[in-house]
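Here the structure comes first, spelled out in structure tokens, and everything after it is commentary.
The values are calculated or read from the model by the stated rules, or taken from the named source; none is laboratory data. Quantities reported herein were computed from a predicted structural model and do not represent experimental measurements. Positions of Cβ are backbone-derived with ideal geometry, glycine not excepted, and every protein chain shown enters the neighbour counts.
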Amino acid sequence: MSNDSPRPLLLVLHGANLNLLGQREPHIYGTATLDDYVSAVRSAAEPFGLEVEALQSNHEGDLVDAIHSARGRCSAILINPGAFTHYAWSIHDALSAYSGPVVEVHISNPNAREAWRHTSVVAPVATGSIMGLGMHGYELAVAAIARKLDLTTR
């Protein structure tokens, strides 16, 4: 994939309400903020030579536009769609048109929560999904992406 940096670019997307991390339901999501999560991804990506671009939006179309702009520019996508996970078919369709690895991440385990959270429209077009491991899940997602991109020998 091409970008302005000589390093492969990882697009990190966060969906609805994740701007409230650290404030919203800390008994479920913990006290780490969105900035903490993005910093953890940057730290995990550095040894693999991955550049990180991050975006959070409460608007589904913004995420669709970001996925479209990643085509031919970003090597991989790490996405926590938040509530969009369960119904945002436009995100599903955008990801299905993207050719690189896509890893879906969730801080909590949606399958251990309310029944409506058990369905992911993202999972069928993701390379893999990691859920319920908090910040560590993001670090694992970066390692999985690096492995898919064959960057683990750096």
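Sort out which residues of region 65-86 are more than 25 Å from residue 7 (Cβ to Cβ) and buried (at least 18 other Cβ atoms within 10 Å of the Cβ), and write them in order of number.
Within region 65-86, 81, 82, 84, 85 qualify.
Any residue in region 135-148 that is in a loop (DSSP other than H, G, I, E, B) and of a type outside the set (S, T, N, Q)?
The answer is no; no qualifying residue exists.
Just to verify a result, which residue in region 94-150, among those that are in contact (Cβ under 8 Å) with a residue 40 or more places away in the chain and over 25 Å from residue 21 (Cα atoms), is surrounded by the most Cβ atoms within 10 Å (Cβ to Cβ)?
146
What is the residue count in region 1-60 for residues that are at pLDDT 95 or above, among the hydroxyl-bearing types (Ser, Thr, Tyr) and surrounded by fewer than 18 Cβ atoms within 10 Å (Cβ to Cβ)?
Looking only at that region, the number is 3.
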